[in-house]
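Okay, so here's the structure we're looking at.
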Amino acid sequence: MTYKFNIAHLYAPYLNIYGDIGNIIALKQRCQWRGIEVSVESISSCQEIIGRDFDLFFIGGGQDKQQEVIAYDLAKYAKEFKSYVDDTNCVVLAICGGYQLLGHYYKPHTGDKLPGISLIDAYTVASNTRMIGNVVVKLPDGSTLVGFENHSGKTHLGSQIEPIGKVLLGCGNNGEDGGEGAHYKNIFGTYLHGSLLPKNPNFADKLILLGLQRKYNIKELNPLVDDFENLAHNLAVNFKR
Ligand code: GLN
């Protein structure tokens, strides 16, 4: 049987800093290596997703200016996007600026609050310090995620949502509560650029499997030889900031 995996890349021309396109490349390649038929569609307005079938939505990071450009489109179609995610249980991976806009709002340094879509119970306020550098996160199963952060926004999670993991190195959501990212159902937000997925192959495969399990009775993916990916991961885990 040939599995199909459809990826929607939201606002690609605007939210794609610090190499976040590498997440799309990693997802696509890890599917292709397994003979999974994968499609990637660049979505410039959430109006385009209505009535379509996507297994995973990716939204990358961006400076305040880029966030301003897309925030109002995302908010305009918030209701449709939220019902889509709830009804289809699709996977959402949001990085930094994209992550911030999944919450209730993002208050930049200057100007008004940018509306979020309240897909996750969180809010973000820009701080006076930029949180920059390598990050190591410990996941609930004891494994690690590695990446690079560069944000001034401090994200605070509400009671209905958990962080992806605990910060072992770096700042994470806000540099105060020790949490990094947010996880709710199949929705994952994180500050980890890098890009994230090439150096975190197990997490990449987790997202692919969750997306496939929406449509297929599949329990696990065929393993890949991840020697280089794991070498990069382990070098990053042992990096001292
Ligand atoms: N503009 C946001 C901040 O500075 C997000 C930055 C980013 O996506 N790296 O917090």
* What single numbered condition from (1) in a helix (DSSP H, G or I); (2) away from the ligand (no atom under 16 Å from the Cβ); (3) under 21 Å from Leu196 (Cα atoms) fails to hold for Asp73? -> (3)
* Asked: In the range 19-43, how many residues are at pLDDT 95 or above and not in a helix (DSSP H, G or I)?
  -> 12
* Structure fact -> Scanning the range 99-126 residue by residue, the ones that are more than 16 Å from the chain's Cα centre (by Cα), under 21 Å from Cys46 (Cα atoms) and within 12 Å of the ligand (Cβ to nearest atom) total 2
* Considering the range 127-136 alone, what residues qualify as being under 19 Å from Val237 (Cα atoms) and within 16 Å of the ligand (Cβ to nearest atom)? -> Met131, Ile132, Gly133, Asn134, Val135
* Asked: Right, Leu145: assigned to a strand (DSSP E or B), crowded, with 23+ Cβ neighbours inside 10 Å and more than 16 Å from the ligand (Cβ to nearest atom) or not?
  -> yes
* Does His151 satisfy the criteria of being at pLDDT below 95, within 11 Å of the ligand (Cβ to nearest atom) and not hydrophobic (A, V, I, L, M, F, W, C)? -> no
* Structure fact -> Just one listed residue, out of Asn23, Asn16, is of a type in the set (S, T, N, Q), surrounded by 15 or more Cβ atoms within 10 Å (Cβ to Cβ), touching a residue at least 12 places away in the same chain (Cβ under 8 Å) and out of contact with any strand residue (DSSP E or B) (no Cβ under 7 Å at 6 or more places or on another chain), and it is Asn16
* From (1) at pLDDT 95 or above; (2) buried (at least 19 other Cβ atoms within 10 Å of the Cβ); (3) closer than 23 Å to Pro13 by Cβ, pick out the condition that doesn't hold for Ile49. => (1)
* Please verify whether the range 99-112 includes one or more residues that are small (Gly, Ala, Ser) and assigned to a strand (DSSP E or B). => no
* Asked: So is Gly61 within 16 Å of the ligand (Cβ to nearest atom), assigned to a loop (DSSP other than H, G, I, E, B), closer than 20 Å to Asn186 by Cα and within 18 Å of the chain's Cα centre (by Cα) or not?
  -> yes
* Applying the selection to the range 113-142, what residues are assigned to a strand (DSSP E or B) and of a type in the set (Ser, Thr, Tyr)? -> Tyr123, Thr124, Ser127, Thr129
* Return yes when Asn174 is more than 25 Å from Leu56 (Cβ to Cβ), touching a strand residue (DSSP E or B) at 6+ places or on another chain (Cβ under 9 Å), modelled with pLDDT of 95 or more and surrounded by fewer than 24 Cβ atoms within 10 Å (Cβ to Cβ) and no when it is not. => yes
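The values are calculated or read from the model by the stated rules, or taken from the named source; none is laboratory data. Quantities reported herein were computed from a predicted structural model and do not represent experimental measurements. Glycine also receives a Cβ, built like all others from the backbone with ideal geometry; neighbour counts cover every protein chain displayed.
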